[in-house]
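Engineer: Before we start, here is the structure in question, set down as structure tokens.
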Amino acid sequence: MSEQSIQQKIEQNLFPGTANLDPRCKLLLLIFLGFFSYMIVGDVTGLLLMVVFGFLVAAGGDGKWAVKMLVAYVVVAYLNTRLKYVTIPGLSVIMSVFGVTILKFIPIIMVGRWVLRTTCMDDLMVSLERAKFPREITIAFVVMFRYIPTLKIEHGMIRNTMKIRGIVDTFWKKLLHPLSTMEYILVPLLMRCLKVTEELAASGTTRGLERENVRYSLRPVRFGWKEVAVAAGGFLVLFTLYVLDHTAVGAVVIWR
Amino acid sequence: MNNQKLTAKDVILTGALTALMFIISMVISMVMSMLGYVTNVFYPPVVALVNGIVMMLLLAKVPKRGVMTISGVIQGLLFLLMGAFWCLPVSLIVGGIVGDLLIANGGKITTKTMTLAYAIFSAIFTFGAIAPINLLQESYIATCVKNGIAQDYIDGLIRMTSAPMLIVIVVVGFVCGFLGALLGQKMLNKHFVKAGLVSAR
């Protein structure tokens with residue numbers, strides 16, 4: 001491959017629309033969302049929040065995911081209100097907490113997975129470095145982002161291995177035997193972690209992860225006016241919803 | 001040997017194991033907050049108990065100053081991204097820094113300083129996770145009521161986090177951190193030293 005074509009490959013846009021925003025901007029939006037998500041409690045405002053951020057995610061090329069989460073939100077919100085009419089001693093308290101937790105997490109999960117999927121780790125690293133984060137934290141943070149999906153795969157593999165050997169492992173067994181769960185799942189997971197990180201470190205070091213000088217990137221990574229506009233817009237929307245929440249709009253009941 | 005700079009390999013290992021710690025604490029806190037208010041306030045000690053194994057492995061592999069700070073900062077950042085109240089990330093970062101100061105106190109990292117540092121770290125983490133319910137009671141109750149969480153649950157939480165109980169919880173956090181560190185060292189000896197992944201010291 002000639003140098004030209006490599007450069008073209010790097011510079012081509014992998015994702016459409018809002019997914020090309022600077023990673024810092026996406027993370028900032030996620031922090032704002034997490035901050036306001038627990039305080040916006042009205043039915044209408046909560047739904048509006050989902051719709052606005054759903055559009056953001058859809059504009060970033062993950063429309064299917066946004067629709068799926070929106071439907072999930074509506075279903076959970078509806079079921080949540082239904083539950084208020086039924087009282088089962090003990091269980092209904094648990095269910096109310098469960099429902100609220102899930103409801104508050106859905107917007108965060110929606111935006112979070114989108115950020116995770118549409119952010120190149122190289123971009124994230126460069127942008128964090130330009131935000132003057134120390135190098136140790138940048139590398140560890142990027143590795144962590146990269147590693148969370150891997151952990152899920154590893155966990156699945158360990159469970160498969162357990163199944164082959166005839167060790168049944170269900171959710172209840174995990175709860176009832178915490179010590180054996182730790183030994184059966186955590187210890188193999190840690191072993192894999194050690195192996196994988198060794199390889200990761202070797203491959204990273206050969207590609208210049210340890211270099212001290214300032215990185216440059218072929219793809220544009222900067223916190224320009226677009227990023228400022230989106231971050232400010234996101235904050236304004238959330239703040240408006242928060243204010244609306246305290247007026248009559250927040251008290252409107254849709255789910256009954 | 002102790003004040004060596006962290007290499008890329010050390011940092012990558014820290015990142016990966018911190019990811020594991022974060023997932024563990026997420027799962028445990030989710031399960032325990034659903035089971036009821038009594039288990040909800042005691043989730044940080046349980047998290048500390050399990051994460052002790054991971055932290056001890058991390059400290060055994062990378063016995064350098066700065067590891068606990070990095071791990072605390074990154075966990076704090078991720079909790080912030082997941083929408084946790086700001087007290088929790090701050091407590092994790094402060095805990096990491098304090099742990100780091102303690103761990104190489106005499107210039108040498110031993111199992112004893114590791115255990116102590118981790119116990120203090122877990123006590124601070126427990127305080128940061130539970131104290132806001134007590135200190136910011138009014139706004140907390142208002143948010144919960146608006147969110148439609150059952151009144152029994154809220155009353156229970158308030159009762160469980162009154163001043164004397166808060167001290168008990170933090171002490172339990174400290175003890176669980178201590179036990180977690182011991183458990184971690186035991187696991188290390190049982191599995192990792194034998195496999196030759198960690199050298200015994």
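Engineer: Which one of B:LEU78, B:LEU35, B:LEU88 is touching a helix residue (DSSP H, G or I) at 6+ places or on another chain (Cβ under 8 Å), more than 23 Å from B:LEU102 (Cβ to Cβ), open to solvent by less than 20 Å² (accessible area, probe 1.4 Å) and free of Cβ contacts under 8 Å to residues at least 60 places away in the same chain?
Structural biologist: Sole residue among the options that is touching a helix residue (DSSP H, G or I) at 6+ places or on another chain (Cβ under 8 Å), more than 23 Å from B:LEU102 (Cβ to Cβ), open to solvent by less than 20 Å² (accessible area, probe 1.4 Å) and free of Cβ contacts under 8 Å to residues at least 60 places away in the same chain: B:LEU78.
Engineer: I need a count of the residues in segment B:145-201 that are away from chain A (no Cβ under 14 Å), open to solvent by less than 50 Å² (accessible area, probe 1.4 Å) and not in a helix (DSSP H, G or I).
Structural biologist: 2
Engineer: When only residues in segment A:120-140 that are in contact (Cβ under 8 Å) with a residue 60 or more places away in the chain and open to solvent by 60 Å² or more (accessible area, probe 1.4 Å) count, which is farthest from the other protein chains (Cβ to nearest Cβ)?
Structural biologist: A:ARG130
Engineer: Can you pull out every residue in segment B:57-73 that is open to solvent by less than 30 Å² (accessible area, probe 1.4 Å), facing chain A (nearest Cβ under 10 Å) and assigned to a helix (DSSP H, G or I)?
Structural biologist: B:LEU57, B:LEU58, B:VAL67, B:ILE70, B:SER71, B:VAL73
Engineer: Might you let me know whether segment A:77-93 holds any residue that is aliphatic (A, V, I, L, M) and at pLDDT 80 or above?
Structural biologist: Within segment A:77-93, one or more residues are aliphatic (A, V, I, L, M) and at pLDDT 80 or above.
Engineer: Just to check your reading of the model, which residue among A:VAL143, A:VAL196 is open to solvent by less than 60 Å² (accessible area, probe 1.4 Å), at the interface with chain B (Cβ under 10 Å from one of its Cβ atoms), touching a Leu at 6+ places or on another chain (Cβ under 9 Å) and at negative phi?
Structural biologist: None of the others qualify; the one that does is A:VAL143.
Engineer: In segment A:234-251, which residues are open to solvent by less than 60 Å² (accessible area, probe 1.4 Å) and closer than 16 Å to A:LEU27 by Cβ?
Structural biologist: If the condition is that a residue be open to solvent by less than 60 Å² (accessible area, probe 1.4 Å) and closer than 16 Å to A:LEU27 by Cβ, then A:GLY234, A:LEU238 are the ones that fit.
Engineer: In segment B:96-115, what residues are in contact (Cβ under 8 Å) with a residue 24 or more places away in the chain, in a helix (DSSP H, G or I) and not β-branched (Val, Ile, Thr)?
Structural biologist: B:GLY96, B:GLY99, B:ASP100, B:MET114
Engineer: Next question. Filter segment B:8-24 down to the residues that are within 7 Å of chain A (Cβ to nearest Cβ) and either among the aromatic types (Phe, Trp, Tyr) or open to solvent by less than 10 Å² (accessible area, probe 1.4 Å) (or both) and list them by number.
Structural biologist: Answer for segment B:8-24, where residues must be within 7 Å of chain A (Cβ to nearest Cβ) and either among the aromatic types (Phe, Trp, Tyr) or open to solvent by less than 10 Å² (accessible area, probe 1.4 Å) (or both): B:ALA8, B:VAL11, B:ILE12, B:THR14, B:GLY15, B:ALA16, B:LEU17, B:THR18, B:ALA19, B:LEU20.
Engineer: Same structure, new question: Can you confirm whether A:MET191 is part of a helix (DSSP H, G or I), more than 9 Å from chain B (Cβ to nearest Cβ) and surrounded by 13 or more Cβ atoms within 10 Å (Cβ to Cβ)?
Structural biologist: Criteria not met by A:MET191.
Engineer: Could I ask something else about it? Considering only residues of segment B:94-119 that are among the aliphatic types (A, V, I, L, M) and surrounded by fewer than 20 Cβ atoms within 10 Å (Cβ to Cβ), which is farthest from the other protein chains (Cβ to nearest Cβ)?
Structural biologist: Top of the filtered list is B:LEU116.
Engineer: Considering only segment A:226-234, I want to know if a residue exists there that is touching a Phe, Trp or Tyr at 6+ places or on another chain (Cβ under 7 Å) and modelled with pLDDT of 85 or more.
Structural biologist: There is at least one residue in segment A:226-234 that is touching a Phe, Trp or Tyr at 6+ places or on another chain (Cβ under 7 Å) and modelled with pLDDT of 85 or more.
Engineer: Got a sec? Which of A:VAL93, A:VAL86 is out of contact with any Cys (no Cβ under 8 Å at 6 or more places or on another chain), outside any helix (DSSP H, G or I) and open to solvent by less than 80 Å² (accessible area, probe 1.4 Å)?
Structural biologist: A:VAL86
Engineer: Closer than 30 Å to A:GLY17 by Cβ, surrounded by 14 or more Cβ atoms within 10 Å (Cβ to Cβ) and touching a Lys or Arg at 6+ places or on another chain (Cβ under 8 Å) - does that describe any residue in segment A:70-81?
Structural biologist: no
The values are calculated or read from the model by the stated rules, or taken from the named source; none is laboratory data. Everything numeric in this text was worked out from a predicted model, so none of it was measured. Every residue, glycine as well, gets a Cβ built from its backbone with ideal geometry; the counts of neighbours run over all protein chains shown. In case anyone asks, the SASA skips ligands and DNA or RNA and just uses the protein heavy atoms, side chains included. Shrake-Rupley method; radii C 1.70, N 1.55, O 1.52, S 1.80 Å.
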